[in-house]
1. So, in the stretch 152-175, how many residues would count as being more than 13 Å from Met209 (Cβ to Cβ) and of a type in the set (Asp, Glu)?
2. Anything in the stretch 126-165 that is outside any helix (DSSP H, G or I) and under 19 Å from Ala176 (Cβ atoms)? List them, or say none.
3. Among the residues of the stretch 134-151, is any surrounded by 19 or more Cβ atoms within 10 Å (Cβ to Cβ) and either small (Gly, Ala, Ser) or in the same structural domain as Gly290 (by TED's automatic domain parsing) (or both)?
4. Kindly establish whether Arg251 is basic (Lys, Arg), more than 19 Å from Met288 (Cα to Cα) and in a helix (DSSP H, G or I).
5. When the residues of the stretch 98-127 are filtered to those that are surrounded by 13 or more Cβ atoms within 10 Å (Cβ to Cβ) and small (Gly, Ala, Ser), which remaining residue is nearest to Ser150 (Cα to Cα)?
6. Does the stretch 215-247 hold any residues that are hydroxyl-bearing (Ser, Thr, Tyr) and either crowded, with 21+ Cβ neighbours inside 10 Å or in contact (Cβ under 8 Å) with a residue 12 or more places away in the chain (or both), and which are they?
Amino acid sequence: MNRHKAPSILIVGIYVVALAMTTALMVFWVLVVQRFQPEINQLISRFGVGEWHYFHVFMQSTGAAFFFLVIIALTYLLAVSLSERRYSRKKDEFLAHVTHELKSPVAAIKLHAQTLQQDGLSPAERASMTRYIVEQSDRIGALVDNLLESSRLLAGGGGELRPINLRAFFHDYQQAVRGRFDLRQIDLTFEVQTRAVVMATSEGLQRVMDNLIDNALRFTGAGGRVRCEVRDGSAATEIVVADDGVGIPKRELSKIFDRFYRLGREIAGRRKGTGLGLWIVRQLVEEMRGTIRAISGHGEPGARFEIQLPKVEGAPPPAGRTEDGEPAVAAAAEGADR
């Protein structure tokens, strides 16, 4: 039997026994008061209170209320105990998986580094192995960054929000991220139609996009497509990351933003995450006073993540940028050529 399941069954068994005993005591109390009703009323009259024929009803009600509160307390303790055990199980699974996630790329890096020390490799083979080592190093770096970010979010140490020009941010971001898709043979497209400024941090916004992009890469096969769309609404800017991969099972949609929940546990043949990525995304988006939701199905393949960030009206463009978010030097050079 599973080592986590046996104690949970024991806890539930103790609860059932305690609940049965409490219920039996409550019934016994009511019957005893009813049985000795004349004696109770006679005892009350001796204290000079007079004939109080309904005192037994008061005793029955008070006793029943007490036992009812005991039942509520037992139920609450059961819920807390089971919740703590579930959380403990998730942490154990998380630590085991993080260990695996660290050991796998380290072992791969070591193997490829040892191979590179051998003679007789062609330049193409050396270049391919070097790219693989860089990719696995980035994987370790992303995992460590998520662990550090998770600790910061739990400690409540939020970064200071400042105006971020989204067009400028995505102009730089799409240049940096394309290489990861070229290695996987996945088509990445950006459609940035915004001039909005939002309150955020560059590091936080980049982590949000990195985690969503990594999630799309994990569940999209070679030859697939991932698209990022940014467009302005009346009061908020919408950021969409969508893929045409395997999608998200319907029963997982309500849980994918929970801490330690690993998306894809029901999807065979896919590398599972640490259970922190999407939780960090939601926490960071909420820090930026925005919202996020996940959509899958509805007649379309893959998954779709939609972020809404409130716009800041009247904010000036960042230094060295035009109002469209393009580098000012490049824009000036283009104008001089005309």
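The values are calculated or read from the model by the stated rules, or taken from the named source; none is laboratory data. Everything numeric in this text was worked out from a predicted model, so none of it was measured. For neighbour counting, all protein chains shown are included, and Cβ atoms are generated from backbone atoms with ideal geometry for every residue, glycine included.
1. Number of matching residues: 1.
2. Ile164, Asn165, listed by residue number.
3. Checked against the condition, which is being surrounded by 19 or more Cβ atoms within 10 Å (Cβ to Cβ) and either small (Gly, Ala, Ser) or in the same structural domain as Gly290 (by TED's automatic domain parsing) (or both), the stretch 134-151 yields at least one hit.
4. Yes; evaluated as a whole, the condition is true for this residue.
5. Ser104
6. Hits for the stretch 215-247 are Thr220, Thr237.
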